[in-house]
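Enquirer: There's a structure below that I have some questions on.
The values are calculated or read from the model by the stated rules, or taken from the named source; none is laboratory data. The structure presented is a predicted model; accordingly, all values stated were derived computationally and were not measured. Positions of Cβ are generated from backbone atoms using ideal geometry, with glycine treated the same way; all protein chains shown enter the neighbour counts. Remember, those area values only see protein heavy atoms, side chains included, never the ligands or the DNA or RNA. Shrake-Rupley method; radii C 1.70, N 1.55, O 1.52, S 1.80 Å.
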Amino acid sequence: MSDPAAPPRPLLKVCGATTPGEAAAVAGRSDLVGLWYGVENGARDLTGAQLTTLAEAVRSAGRAEPVLVTFLHDAGRIAAAARAARIRWIQLHAYQPPTAVAALRAALPGAVLVKVVHVRDGACLERPFLRAYARAGADLLLVDAATRDGAVGSTGLRVPADALGELLPALPLPFLLAGGLTEADAPGHAFAAHPGFRGVDIDNAARDGGGPLDPARVAALDRAWTGASAL
């Protein structure tokens, strides 16, 4: 895959595969497939063995790379799981401090580290730490919404456009965008032309009625967001 800091087109990440068949079915029409590990009480959380199996299914089936998506703060545990599954992309999808990012960067110098930052009630909760995340070794930021009761990840809640517009000038790294996006948002999306925009992270819109990741839905997202033609 090309350098994540400068892809030839926007990246499409779909998140939350739970079986090898599901992962393989969408790997041909996405760039990244998110696999949950260390997401306590998460509906799609995987064991270490499952993570390894699904990562291989992603690599074997299409253009996509697997992404370890985690709420863990323990860099040693994250690094061990990533090495065992041969996963290069890691998404820190909780409130890990910059020190955790730095520890993970030291443990996995060749990894692509994506740090999620959360917008709640119109404000980015991690805004004081944005430059610290960059200094710690993050490659990309991912802007997502948090609910008022604290839920993060796959909530389907959108980041308000005014809050996103106010936040983007403060981002010191390229960014992915999440939060209730669908293929209908792609044409003329207000922030898709931003020089830091690198792609989207989608969960709910990649499913049919909340079920497994749907290859047809992912293909529609692929056409809309990346411009890929039908296969």
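Enquirer: Given (1) modelled with pLDDT under 95; (2) farther than 30 Å from Ala106 by Cα; (3) more than 17 Å from the chain's Cα centre (by Cα), identify the lone condition not met by Leu181.
Expert: Every condition holds for Leu181 apart from (3).
Enquirer: Among the residues of region 130-141, which ones are farther than 23 Å from Ala80 by Cβ and either surrounded by fewer than 19 Cβ atoms within 10 Å (Cβ to Cβ) or in contact (Cβ under 8 Å) with a residue 40 or more places away in the chain (or both)?
Expert: To start, the set of residues in region 130-141 that are farther than 23 Å from Ala80 by Cβ comprises 130-132, 134-135, 141.
Residues satisfying the conditions are Leu130, Arg131, Ala132, Ala134, Arg135.
Enquirer: Right, Ala145: modelled with pLDDT under 95 and among the hydrophobic types (A, V, I, L, M, F, W, C) or not?
Expert: Spelling it out, Ala145 is indeed modelled with pLDDT under 95 and among the hydrophobic types (A, V, I, L, M, F, W, C).
Enquirer: Scan region 143-150 and give yes if some residue there is touching a Phe, Trp or Tyr at 6+ places or on another chain (Cβ under 9 Å) and either in contact (Cβ under 8 Å) with a residue 24 or more places away in the chain or open to solvent by 30 Å² or more (accessible area, probe 1.4 Å) (or both), otherwise no.
Expert: Yes, region 143-150 contains at least one residue that is touching a Phe, Trp or Tyr at 6+ places or on another chain (Cβ under 9 Å) and either in contact (Cβ under 8 Å) with a residue 24 or more places away in the chain or open to solvent by 30 Å² or more (accessible area, probe 1.4 Å) (or both).
Enquirer: Also, quick follow-up: Restricting attention to region 182-231, and to residues there that are in a loop (DSSP other than H, G, I, E, B) and polar (S, T, N, Q), which single residue is surrounded by the most Cβ atoms within 10 Å (Cβ to Cβ)? Talk me through it step by step, then tell me what you get.
Expert: Step one: of region 182-231, the residues in a loop (DSSP other than H, G, I, E, B) are 182, 186-196, 203, 208-212, 214, 227-231.
So of that shortlist, the ones also polar (S, T, N, Q) come out as 182, 229.
On the way: Thr182: 16, Ser229: 7.
Checked region 182-231; the qualifying residue surrounded by the most Cβ atoms within 10 Å (Cβ to Cβ) is Thr182.
Enquirer: Can you name the number of the only condition in (1) outside any strand (DSSP E or B); (2) under 20 Å from Val67 (Cα atoms); (3) in contact with a Phe, Trp or Tyr (Cβ under 7 Å, 6 or more places away or on another chain) that Lys115 fails?
Expert: (1)
Enquirer: Here's a follow-up. From Val14, Val33, grab the single residue that is within 14 Å of Ile87 (Cα to Cα), buried (at least 24 other Cβ atoms within 10 Å of the Cβ) and touching a helix residue (DSSP H, G or I) at 6+ places or on another chain (Cβ under 9 Å).
Expert: Result of the check over Val14, Val33: Val33.
Enquirer: Assess whether Leu171 counts as being aliphatic (A, V, I, L, M) and within 27 Å of Asn41 (Cβ to Cβ).
Expert: Values: aliphatic (A, V, I, L, M): yes; within 27 Å of Asn41 (Cβ to Cβ): no.
The answer is no for Leu171.
Enquirer: Looking only at residues in region 152-171 that are open to solvent by 40 Å² or more (accessible area, probe 1.4 Å), part of a loop (DSSP other than H, G, I, E, B) and more than 18 Å from Gly199 (Cβ to Cβ), which one is modelled with the highest pLDDT?
Expert: We begin by selecting, within region 152-171, every residue open to solvent by 40 Å² or more (accessible area, probe 1.4 Å); these are 154-155, 157-158, 160-162, 166, 169.
Still in the list and also part of a loop (DSSP other than H, G, I, E, B): 154-155, 157-158, 160.
Still in the list and also more than 18 Å from Gly199 (Cβ to Cβ): 155, 157, 160.
Values: Thr155: 63, Leu157: 78, Pro160: 88.
Looking at residues that are open to solvent by 40 Å² or more (accessible area, probe 1.4 Å), part of a loop (DSSP other than H, G, I, E, B) and more than 18 Å from Gly199 (Cβ to Cβ), I get Pro160.
Enquirer: Cβ-Cβ distance below 9 Å, separation of 6 or more or different chains: which pairs start in region 173-196 with a residue that is more than 26 Å from Leu213 (Cα to Cα) and among the small types (Gly, Ala, Ser) and end on one that is open to solvent by less than 40 Å² (accessible area, probe 1.4 Å) and part of a helix (DSSP H, G or I)?
Expert: Sorted first by the residue in region 173-196, then by its partner, the pairs are Ala190/Leu164; Ala190/Gly165; Gly196/Leu168.
Enquirer: Could you tell me which numbered condition Ala80 fails, if it satisfies all but one of (1) under 17 Å from the mean Cα position of the chain (by Cα); (2) more than 16 Å from Asp139 (Cα to Cα)?
Expert: With (1) under 17 Å from the mean Cα position of the chain (by Cα); (2) more than 16 Å from Asp139 (Cα to Cα) applied to Ala80, the lone miss is (1).
Enquirer: Something else now. Could you say whether any residue in region 109-116 is touching a strand residue (DSSP E or B) at 6+ places or on another chain (Cβ under 7 Å) and of a type in the set (D, E, K, R)?
Expert: yes
Conditions tested, residue by residue: (1) surrounded by fewer than 20 Cβ atoms within 10 Å (Cβ to Cβ); (2) aromatic (Phe, Trp, Tyr); (3) at pLDDT below 95.
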site	(1), (2), (3)
Ala43	yes, no, yes
Glu56	yes, no, no
Arg77	yes, no, no
Leu92	no, no, no
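Enquirer: Search region 99-114 for residues that are open to solvent by less than 20 Å² (accessible area, probe 1.4 Å) and pair each with any residue that is acidic (Asp, Glu) when their beta-carbon atoms are under 9 Å apart and the residues are at least 6 apart or on different chains.
Expert: Cβ pairs passing all conditions: Ala100/Asp74; Ala111/Asp139; Val112/Glu65; Val112/Asp139; Leu113/Asp139; Val114/Asp139; Val114/Asp201.
Enquirer: Could you check region 193-231 and list, in sequence order, the residues that are over 14 Å from the mean Cα position of the chain (by Cα) and basic (Lys, Arg)?
Expert: Those that are over 14 Å from the mean Cα position of the chain (by Cα) and basic (Lys, Arg): Arg207, Arg217, Arg223.
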